[in-house]
Every structure is written in C-alpha cells, then in structure tokens.
C-alpha cells in the first residue's frame, strides 16, 4: 500500500508542528528518524487519520485516512505511549480490538492467543495488564497491532523498554512482515536498530523533512567530503600511503593516525577511490588490513543532517 | 458550507450505515458492553452513589420501626389493610412520601450526577487513557464508539437508579403491608418510566459534554443548575429535558391521587397557563433528542484530532 | 583569551542554604493556588463570579442594614445574613450549591492528579514529609474557599457599615461580628477542603472525585433534610440526629453556634426546630474530620513507588 504526503503542514495553534513535508512510502520498512519533538509522531498520526493536516494532503492508497473507514481495516498502530485498559488481561485486550474488526469471540480469542504466544507472552497473557512490565506492555502493543495481519504497520518507538531478546524478536518479525509485502513505518531513537532493519529512511528535524530515500543515496547527494580510512599491515607504510593519496586529484585532505595505524582521506568521489585504490595498492606493493568508511553508518548521516541543520 | 455538505452526505448514507452497524453489532456490541459495565461497576464513585441511594432506604426503615406500634390492621377480603392512629390508610400517606422522596432525591439530584459520572467514565476516560486513539485506528465507526457506550450507560444508570427506586418503594411502603405495596405499583412503574427516559435524555446530554469538553463535571453542574433547575421553571422550559420528564410524570400523577398539580412541577408559564406536553410527545421528543445528541457526539469524536 | 571571571551581584549574595520546610510547603500551596486560579479555568471562575454577583444582588442591593446581621423571626428564632449566605439556594436563597460546586472543582484533581500522573513521587522526594505534602495541597483549596466565603461576607459587612454612615460606633457595636465571620468561614472552608481532598485521594480521578464529593455533600444534605422534615411531621423523637449525617447541616449547626443563634432547618418557608447539643455537634465534627484526615494520611502513607 502506498502512503503519500504532499506539502503537508500541521499547526497547533500558533506553533508549527510540521512544515511542507513530502513523503512517498511503498511496501517494505521505512525508518522515520529525528530528534525529540521533530514531528515524527505528528506525521504518523496524520497517516493514521488521527489528525488532519492544516495544509497539504495525506493519502493512503489515494484515500484520505481521516475520513475513510475502509482504510482502518489495514492499519496496525503501535503507539509510543502506554494506552491500555489496565483492568483487562493481555489476551482480553488484544481480543477486544479484534472484535472491533467484526471478528467472532472464539476466533478473536484464538488469534489473540496465537499472536501473544508468538511474541513470548504465553505465560503472562491471562494476567491483568496492570501487572505487566514495560517489555510485556510493548509486546502486547505489538501483538494488538499485528494480530489481524494489517497491510500498513505504523510503529512509534517499538523498541523502547524492550530487552535485547525482545528487540531481536521484533526485528525478525518486522523483516518477515516486510518480506510479505507489508508497508512498515518505524520511528526509533536507536539508529543502530533502524540501520539493521532498513536502508530506507526519512529524516525529520524541526518539523521539516531533511532527507528521504535510501541512506547510501542520500549520503551521495550530500556535498560534504566522505572520510575513508585505510589500515596498512605494516605501520611503516603509513606515511608512504598518505603521500601517494595526497597527490591524487580526488583527495581533499589526508590525515595520519599513528596510534590506530590508519590513514584517513576525505573525498567527494568515493566510488572512484574504491575502483582505483586496489590498483594503486598493488602497484606500490602495500598490503592493507582493511578499508572502511565510518560515514556509511546511519549515525554519521544523522549527525551530518540533523546536527548540521541545527547549526544552521 | 462544507459542514452542510458533509451533513447531507451523512444523511444519505444513513440506511447503508445502519445496515452495516446492525450486521456488525453482534461482534462489536458485546465486548464494549461487557467492558463498559465492568468499568462502571468497579468505579468507586458508583459505590458512593449506591451508598447515597441506600441512605433514604435506611431512613425509611427507621421510620417504619418508629411508627410500627401505632398501626391498626383491618382484614378486607383476606387482605390486611393498615391504618394509622388517626384512621387514615397508611398506603395513601406513604405513597405520597415515596413519590416526593423519589422525585426530589433520585430524579432531581442523584440521576444527574450518575449521568455525569457514567458518561465521563465511558467517554472521557478513553481520551485520558488515550485508548480512543487506538479505537480510532480500528474500523469501528465513531457513531458505534459512542452508541454502544451510551446504551450500556443507559442500562447501568437505569438499573442502579431503578433498583434504588424499588428499594426505596419497598422500605417506604412496607408499613402499609403487602396490600399497600401491591396497591400502588402503578406509581412505582411511573417512577421507573420517568427514570428510563431520564437516563436516555441525560446520558445523551452528558455524552455530548464529555466529547466536547475537558472538564465535563464542571460544565455538567453549571448546565444542570442553570438550565435544568432555573430555565426549566420559566417560559422557555420546553427547551429543557426537565420539562418533558415532568410532563410525563404530571400526566400520570394527576390521576394517581398524589396531591400534585402543574405548579408543583413548574409546568406553568408566567401567565399561569399549564404548558405541559402530552406524555407521548414528550417521550418521542426525548428519543429524538437522544438520537440527535448521539449524532452530534459522534461527529465530535470523528472530528477530534490527537 | 584570558579574562577575569565575573558574576552578577545577585549570584554573589546567593545563599545556598535550602529553604525551610514551612516555606517549601507554603510555596507549593501558593503555586497550586495560582495554577487553579488561572483564568483559563473558566468554569471555576464563572462559579466564583456567580457567587459574588449573587452576594451583591441578594445580600447587598436588596439588603436592609437595620436587620444586619440578624433579625428576629419570633419564637426565639433569628434570621441572620451570614447564616443565610451559607444556606440552601432553593429553600433559603443561599449559596450552598455554588460553594459545594466550587469546593468539588477546586479539590477534585488536587491530590488525585498528582497520584494519577505520579508527580506525587517527585513531591515526596523533596525534603518534606507526607503530612507537609497534605498541608501544601490543603492550602490552595482552603484559600479558594476563603475567597468565596469570607471575602463576600466581609464585602457585605463593609457595605452595611457604609450604609450606616461609616460610623465608628457601628463598628464597635459589631466588633465581634468580624471575628465570628472569620471563624465561620474557616470552619466551612476547612471542612469542605478536607472532605474534598479525601475524595480526591481516594478516587484519584479529577472528574469522578468532584462528582462524588458533590453528591456526597449535596445529596446527603437533601436526603437528610427530607427525612428530618418527614420525621418531624410524624413527631418521631430523635429526628434531629438525622441532620448529623449531613456534613453541610453539621457545618450549619456549628455556624449557628458561632453566632449564638438557635439552630433550625428552613423548609416550606418556615423554621423547623432542632435540639442537638453543642457537645454532640462537636463530637460528630471531630469524628468526621479526624476520620477524613486520618484516612487521607493513611492512603498517602500506603503509596509506594513500585511502578
């Protein structure tokens, strides 16, 4: 299913929540990233039809989610905050929302039981929610959102409060759902989690869309030199390597880090470097341990875009 | 303009919507009703209300034991008929007391508070706990969200107040024996009828308040004190729920020898003319008002942004 | 670049000693008072305005200074303006229903909201005891009640004094009246505030706590009054004690005692005699308010930060 945001602005009184956001999301996992108060939750709520844009258009499969009742059959929502009927058991809670999908009691209970068991709550599902730990609550929210196999899954900070086992379990599930053709939007503060889930990201800061798309492609579009580090096997080759690199036309700057035994070059033409470097190393007979770029990580991209934007 | 257009669209979709709601109701209504009833029953305020309802019953029992010795019995066709020390029929005296107490305590004061508390628990709590956001991401229509909670609220409100009335009737009338209790069941059924329509009307009013206002208790009390207690006694009383409830009661009460007149119910205008509404019209007005209120409340839920 | 460090004068005089407990408590109380009295709380403000307008119209514009504060009604009963002020709206033309509503709204969320959003844990982590916290939460409700009990009565008093030509003699003749008005307002304000806070602590939700408090005070007052009259009509002994079940009648009894007037219940346009001794009133008052304070303290004592 396709989610489209066109020139979307949302104001809260005089305060602007998000401004002129464009987004086009298809199947697979898309990570929505941004600092606190960036507008991630507002964006998600507008996609879910919980809120309406002040200007612009939000559509899901061409329909307005705020008014279309049919669309809501396909929405699975994991909110960031706690919102439970605390007096219900986990099983009752999940089954209750299944009944809202016009599913019979027996079937709803069976589906809820299966979903909660898959997420490791088989022993706790008959206990009242007010006795649950944070991780259990998180799993219950995910079970509620996914039990009816929705086409669109919107997960606001799904990993918060989850222990490492739960986190890995959730990630595996999300990858599987994405492979089955679901559209998953996930927001998280833990960039590493998003990085291991997807390369597709939307970066929001101060209510504005800073970047959207494949993170490698985004990096290539940014005109900031990319650092590439080369670690030679012999420490004596450090200066030789630095000298060779500084003479090349693609190199903007070179730095030697004796302590870590590496030469870092900054360049705007990283692809050319990756093609040429093996030839150069072969010619100069320099054996290297590894070539890597910290810049490939989502952390680096995030800090460049978000922190850079904040500095401006 | 857009509002009118949307309203017309809504109206044209009503038959299809009703058909869908009817089909879905067997799966959607029971869980909502069960959860709502449970929430209302575990609510501490419900128990404060029950305690307040038991107070007049307890006082009724005290009066019974205080006056028990003065009673005189006469056997008429196998029935034990009780008279007081002055030779008057006890049940005729007691039924007036019951009608007065039931009207003053349950119909005027307790019912309004019950409606405010129940509507607040069923609707406002969903906003406070943010479960309304989850409900709005499910295919359930905002009218269904409100309607099923409303129906459960009406059932619980009528149930608790009705039982309170029955208990009050029994404790007030027990000094007149079984004969007196059976003789005046029509008054009890009138009170229950008024309570049912009061539940229908006030739950609808306060459902609107809980949807549109953050502090429904405050708005509810001001509405009750100003609109239902003051305006309902004036010339424009036909705009109040109290007028229609009083009209239902007045029509039957005047035939029941309860010693009440139109002025007792304030069903007169400034020129002294009786302006009571026909009971059937009054009932229909209340039902139509409740349907309109539900539609208006559902619009509020549908348009609410989070 | 090196420069000599500088700091503003006020920071150099800064005394790092912690504020004393009473000041923390008073500060918390006054801040809460400020929060509740914000103009956006339009409902509370509208009720306060209604009380003042009512006092202005009923007790100032249509009042007669010769009959202030009390006038004889015959049969040793007196009708006093400060007593009527707290009376029932429907039978005596008093402000009871508004005062109870204000107390319900002001007290409903004071402790309940702190418990619901768990900010009570933060308050209790400050260098104050649980009792101090209760006092800090009592202060704002008490002040709001004083605003609608004592202040309008002082207004009425001042207007009567001005009606009598602002004479010093008049003031000297009524010197004990001011004292009585203050004690009376404090009794009502303390009573309603403590019960309101008990409901807020027990129910933990603002709206239901307000509704339960209103029903408890106003509902029981109406029920007890109806039964009191019923028992009086059939001349049952001990009917007077039913009034002790109603908090607002109990407060009225104390209020009448303060003004040294014989207590009666106004119904159907004339006074109904009662015979309850001051000792009995005092005992019930002590039991109810000590019970409420104790219950509230116990409920807060039971709180543990376990979630």
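Residues in segment B:227-251 that are assigned to a loop (DSSP other than H, G, I, E, B) and either touching a strand residue (DSSP E or B) at 6+ places or on another chain (Cβ under 9 Å) or surrounded by 16 or more Cβ atoms within 10 Å (Cβ to Cβ) (or both): B:229, B:240. Among the residues of segment C:110-129, those identified as assigned to a helix (DSSP H, G or I) and surrounded by fewer than 16 Cβ atoms within 10 Å (Cβ to Cβ) are C:116, C:119, C:121, C:122.
Of the strands (runs of 3 or more DSSP E) lying entirely inside segment A:145-253, those containing at least 1 residues that are modelled with pLDDT of 85 or more and farther than 26 Å from residue A:109 by Cα span A:183-187, A:200-205, A:208-214, A:226-232.
Only a single criterion out of (1) touching a strand residue (DSSP E or B) at 6+ places or on another chain (Cβ under 6 Å); (2) surrounded by fewer than 24 Cβ atoms within 10 Å (Cβ to Cβ); (3) within 30 Å of residue B:13 (Cα to Cα) is not satisfied by residue A:69, namely (1).
For the criterion of being in a helix (DSSP H, G or I) and facing another protein chain (nearest Cβ under 8 Å), residue B:40 fails. If the condition is being within 24 Å of residue B:297 (Cβ to Cβ) and within 14 Å of another protein chain (Cβ to nearest Cβ), then segment B:154-179 contributes B:157, B:160, B:161.
Here is a yes/no grid of residues against (1) without any contact (Cβ under 8 Å) to a residue 60 or more places away in the chain; (2) within 14 Å of chain C (Cβ to nearest Cβ); (3) surrounded by fewer than 21 Cβ atoms within 10 Å (Cβ to Cβ):
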residue: B:185; (1), (2), (3): yes, no, yes
residue: B:193; (1), (2), (3): yes, no, yes
residue: B:197; (1), (2), (3): no, no, no
residue: B:225; (1), (2), (3): yes, yes, yes
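Does residue B:9 satisfy the criteria of being at pLDDT below 85, loosely packed, with under 13 Cβ neighbours inside 10 Å and within 12 Å of chain C (Cβ to nearest Cβ)? It is false that residue B:9 is at pLDDT below 85, loosely packed, with under 13 Cβ neighbours inside 10 Å and within 12 Å of chain C (Cβ to nearest Cβ). Restricted to segment B:54-161, the set of helices (runs of 4 or more DSSP H) holding at least 2 residues that are more than 22 Å from the chain's Cα centre (by Cα) comprises B:90-101, B:125-128, B:131-136. Filtering segment A:37-59 to residues that are part of a loop (DSSP other than H, G, I, E, B) and at the interface with another protein chain (Cβ under 9 Å from one of its Cβ atoms) leaves A:49, A:50, A:51, A:52. Of all residues assigned to segment C:141-160, none qualifies as being at pLDDT below 85 and part of a helix (DSSP H, G or I).
Scanning segment C:72-92 for residues that are modelled with pLDDT of 80 or more and within 14 Å of chain B (Cβ to nearest Cβ) yields a total of 2.
Considering (1) surrounded by fewer than 16 Cβ atoms within 10 Å (Cβ to Cβ); (2) within 14 Å of chain A (Cβ to nearest Cβ); (3) under 28 Å from the mean Cα position of the chain (by Cα), the lone condition that residue B:51 does not fulfil carries the number (2). Which one is surrounded by the most Cβ atoms within 10 Å (Cβ to Cβ) among residues in segment B:252-263 that are touching a residue at least 12 places away in the same chain (Cβ under 8 Å) and assigned to a loop (DSSP other than H, G, I, E, B)? Among them, the one singled out is B:258.
Of all the residues in segment C:106-118, those that are farther than 10 Å from residue C:209 by Cβ and under 12 Å from the mean Cα position of the chain (by Cα) number 1. One residue stands out among those in segment A:119-137 that are in a helix (DSSP H, G or I) and free of Cβ contacts under 8 Å to residues at least 40 places away in the same chain: the one that is farthest from residue A:168 (Cα to Cα), which is A:131. Taking the criterion of being more than 20 Å from residue A:100 (Cα to Cα) and in contact (Cβ under 8 Å) with a residue 40 or more places away in the chain, the only residue of segment B:11-40 that qualifies is B:40.
Would segment C:232-248 turn up any residue that is within 13 Å of chain B (Cβ to nearest Cβ), surrounded by fewer than 20 Cβ atoms within 10 Å (Cβ to Cβ), in contact with a strand residue (DSSP E or B) (Cβ under 6 Å, 6 or more places away or on another chain) and modelled with pLDDT under 85? Yes, segment C:232-248 contains at least one residue that is within 13 Å of chain B (Cβ to nearest Cβ), surrounded by fewer than 20 Cβ atoms within 10 Å (Cβ to Cβ), in contact with a strand residue (DSSP E or B) (Cβ under 6 Å, 6 or more places away or on another chain) and modelled with pLDDT under 85. Taken over segment B:87-112, the residue count meeting the criterion of being away from chain C (no Cβ under 11 Å) and surrounded by fewer than 19 Cβ atoms within 10 Å (Cβ to Cβ) is 4.
Scanning segment A:1-19 for residues that are surrounded by fewer than 16 Cβ atoms within 10 Å (Cβ to Cβ), modelled with pLDDT under 90 and either under 14 Å from the mean Cα position of the chain (by Cα) or assigned to a strand (DSSP E or B) (or both) turns up A:11, A:12, A:15. Tallying residues that are over 28 Å from the mean Cα position of the chain (by Cα) and not in a loop (DSSP other than H, G, I, E, B) within segment C:161-171 yields 4. Please indicate, with yes or no, whether at least one residue in segment B:268-275 is more than 30 Å from residue B:4 (Cβ to Cβ), outside any loop (DSSP other than H, G, I, E, B) and free of Cβ contacts under 8 Å to residues at least 24 places away in the same chain. Checked segment B:268-275: at least one residue is more than 30 Å from residue B:4 (Cβ to Cβ), outside any loop (DSSP other than H, G, I, E, B) and free of Cβ contacts under 8 Å to residues at least 24 places away in the same chain. Among the residues here, residue A:142 does not qualify as touching a residue at least 24 places away in the same chain (Cβ under 8 Å), crowded, with 21+ Cβ neighbours inside 10 Å, more than 20 Å from residue B:137 (Cα to Cα) and touching a strand residue (DSSP E or B) at 6+ places or on another chain (Cβ under 7 Å).
The values are calculated or read from the model by the stated rules, or taken from the named source; none is laboratory data. Just so we're clear, the structure is a prediction, and the values are computed from it rather than from any experiment. Neighbour counts are summed over all protein chains in view; Cβ atoms, including those assigned to glycine, are modelled from backbone coordinates with ideal geometry.
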